[in-house]
Structures are given as structure tokens and as C-alpha cells.
Amino acid sequence: MSAALDLASHATQCVFRSMQFEDIDRVAEIESEIHSHPWSRGNFSDSLRAGYGCWVYLSGNEMIGYAIVMSVLDEAHLLNIGIARDHQGRGLGRALLKHITDFAASHGAAMMFLEVRSSNKNAIALYESTGFNEFSVRKGYYPASNGREDAILMGLTL
């Protein structure tokens, strides 16, 4: 089977749904696996309580990803997104990103913004390939093992 057919087959088995409090343990597990300075369970709980757009991405019964989006007036801010390490490189992050940008646009957002670590070249490439553009750099925005790391602020017109 070709890689394109395999991805198409896998994608048809995947679904998005609203995150629930009982999902937080698995979401936090994925987060810890893929980020050097992960969000805490409390960060995810707070996002749910605040009414942010919180999704999980499922392949069958397995949770493989998540996303958190905060909306303010006509702007959406992607606060966090992740795909489990063993599912990366298959286009699933792109599908999750498309889901949340489509959702934001259908609910009145004109722009989506995000920050990304300047060292996260794979994420930057994904965002650029989906139309996000760099707006500015936030100096020392993220904690890093050797101090602080810059964030690149990116935006997409929806």
C-alpha cells in the first residue's frame, strides 16, 4: 500500500471530539512525551473550566493528539497542540491544525495566532506550509534547559 493510501486510510479512522476532564491524564502523558517543558494537568483543567476550545484526536479508541484554542472577539489563539510521538510524521498534525482553523473560522474568527519555540523547526515548517506567517519574535518567552528561548509569533488569516 502506498504511503498516501495508508495515510488516507488512517485519517478516515480518526475523529475529533471535545476534550473531557477524564481525558486529561492521557493528554498530559502525550504532552510530557513531546515537550521539554510540558503543561501541567492543571493547565489543561483550567483551559476546560475557562471554556476554551479543547479537542482530542482519536484513532479508534486511542487518543493520539489534542489542541487548545482560546477565542477573543474575532481572534483565535492556538495555545497548545500535540500529536503523540509514535504518530508524528503521518500528516495527523496537519489534519488537527486544519480542524481547529476550520472550526475557528466557522465560529467567527478572522485570524489565528500562535507562538512556537524558535528551535521547533518541524512545527515552524508545518505552520508555514499551512499559511501561517511570522509576525514577530518574543524574546525569552519559553523556559529552556539553558535559560529562556525565543518564541516566534505567527498568524493566519482565516
Quick test of your reading of the structure: ASP6 fulfils all but one of (1) at pLDDT below 95; (2) farther than 25 Å from ASP150 by Cα; (3) touching a strand residue (DSSP E or B) at 6+ places or on another chain (Cβ under 7 Å). Name the failing condition by number. (3)
Which one of the conditions (1) crowded, with 17+ Cβ neighbours inside 10 Å; (2) outside any loop (DSSP other than H, G, I, E, B) does TRP39 fail to meet, given that it meets all the rest? (2)
Out of LYS139, LYS98, which single residue is without any contact (Cβ under 8 Å) to a residue 12 or more places away in the chain and either assigned to a loop (DSSP other than H, G, I, E, B) or surrounded by fewer than 19 Cβ atoms within 10 Å (Cβ to Cβ) (or both)? LYS139
Filtered residues of the stretch 101-111 (kept if under 19 Å from VAL56 (Cβ atoms) and in contact (Cβ under 8 Å) with a residue 24 or more places away in the chain): THR101, PHE103, ALA104, HIS107
For the stretch 45-78, which residues satisfy the criterion of being over 14 Å from THR101 (Cα atoms) and either touching a Pro at 6+ places or on another chain (Cβ under 8 Å) or in a strand (DSSP E or B) (or both)? VAL56, TYR57, LEU58, SER59, GLU62, MET63, ILE64, GLY65, VAL72
The stretch 55-83 - residue that is among the hydroxyl-bearing types (Ser, Thr, Tyr) and surrounded by 23 or more Cβ atoms within 10 Å (Cβ to Cβ) and, of those, farthest from ARG26 (Cα to Cα): TYR57
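Quick one: would you say ILE81 is modelled with pLDDT of 95 or more, out of contact with any His (no Cβ under 7 Å at 6 or more places or on another chain) and within 27 Å of PRO143 (Cα to Cα)?
yes
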Can you tell me which residue within the stretch 105-124, out of those that are in a helix (DSSP H, G or I), modelled with pLDDT under 95 and within 14 Å of the chain's Cα centre (by Cα), is farthest from HIS77 (Cα to Cα)? ASN122
Any residue at all in the stretch 79-87 that is of a type outside the set (Ser, Thr, Tyr), in contact with a strand residue (DSSP E or B) (Cβ under 7 Å, 6 or more places away or on another chain) and part of a loop (DSSP other than H, G, I, E, B)? yes
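The values are calculated or read from the model by the stated rules, or taken from the named source; none is laboratory data. Source: prediction; values computed, not measured. Every residue, glycine among them, receives a Cβ derived from its backbone with ideal geometry; neighbour counts consider all protein chains shown.
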